[in-house]
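Colleague: Shown below is the structure under consideration.
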Amino acid sequence: MDQESKKSFTIPFSQTNLKMVAEVGGKNASLGEMISQLHLLGIQVPDGFAVTAAAYRYFLSANHLGEKLVAILEGLDNKNLENLGDVGLNAET
């Protein structure tokens, strides 16, 4: 993987906003939005960084975890999640 691709794995909070939810997730986008709005009020908040969805997808791919996750989640009752605990426990093995 080249350096340019790796740059998309993290984004400083100061460069995120609510329009980036799909890329960095809701909490990270909210942190970026909060930091930018507080900065306008003169309140300084230390910057941090968001790990992107691209980084997560790369991690899954590089470690061949996608197929395993699909297989685990096939057994999940996704209507009422009654077996969520059992599926989670069985996933550890």
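Colleague: Percentage of Cα-Cα pair distances in the chain greater than 18 Å, rounded to whole percent?
Modeller: 61
Colleague: How much accessible area per residue does the chain have, counting only protein heavy atoms and a probe of 1.4 Å, in square angstrom? Each step should come with its number before you reach the end.
Modeller: Working: 7130 Å² over 93 residues.
Per-residue accessible area for the chain comes out at 77 Å².
Colleague: In the Gaussian network model of the chain, springs joining C-alpha atoms below 10 Å, which of Gly32, Gly66, Gly42 carries the largest mean-square fluctuation?
Modeller: Per the Cα network of the chain with a 10 Å cutoff, Gly42 tops the list.
Colleague: Farthest toward the dipole's positive end in the chain, which of Ala71, Gln15, His39, given Cβ charges of +1 (Lys, Arg) and -1 (Asp, Glu) about the Cα centre?
Modeller: The listed residue farthest towards the positive side: His39.
Colleague: Would you be so kind as to identify which of Leu89, Ala62, Ala50 lies farthest towards the positive end of the dipole of region 38-93, taking Lys and Arg as +1 and Asp and Glu as -1 on Cβ and the Cα centre as origin?
Modeller: Projecting each Cα onto the dipole axis, the largest value belongs to Ala50.
Colleague: Okay, next question. Given the Cα-Cα distance of Leu18 and Ala54 and 0.36 nm per residue of separation, how much length would full extension add, in nm?
Modeller: Values: separation 36, 0.36 × 36 = 12.96 nm, distance 1.73 nm.
Net length gain for the segment: 11.2 nm.
Colleague: Hey, another quick one. To the nearest 500 deg cm²/dmol, what mean residue ellipticity at 222 nm is calculated for the chain from DSSP H runs of n ≥ 4 alone, each contributing -39,500 (n - 2.57), summed and divided by the residues?
Modeller: Here the helix-only value at 222 nm equals -15000 deg cm²/dmol.
The values are calculated or read from the model by the stated rules, or taken from the named source; none is laboratory data. Computed from a predicted structure; not experimentally measured. Backbone-built Cβ (ideal geometry, glycine too); neighbour counts: all protein chains shown. Ligands, DNA and RNA are excluded from the accessible area calculation, which covers all protein heavy atoms including side chains. Shrake-Rupley method; radii C 1.70, N 1.55, O 1.52, S 1.80 Å.
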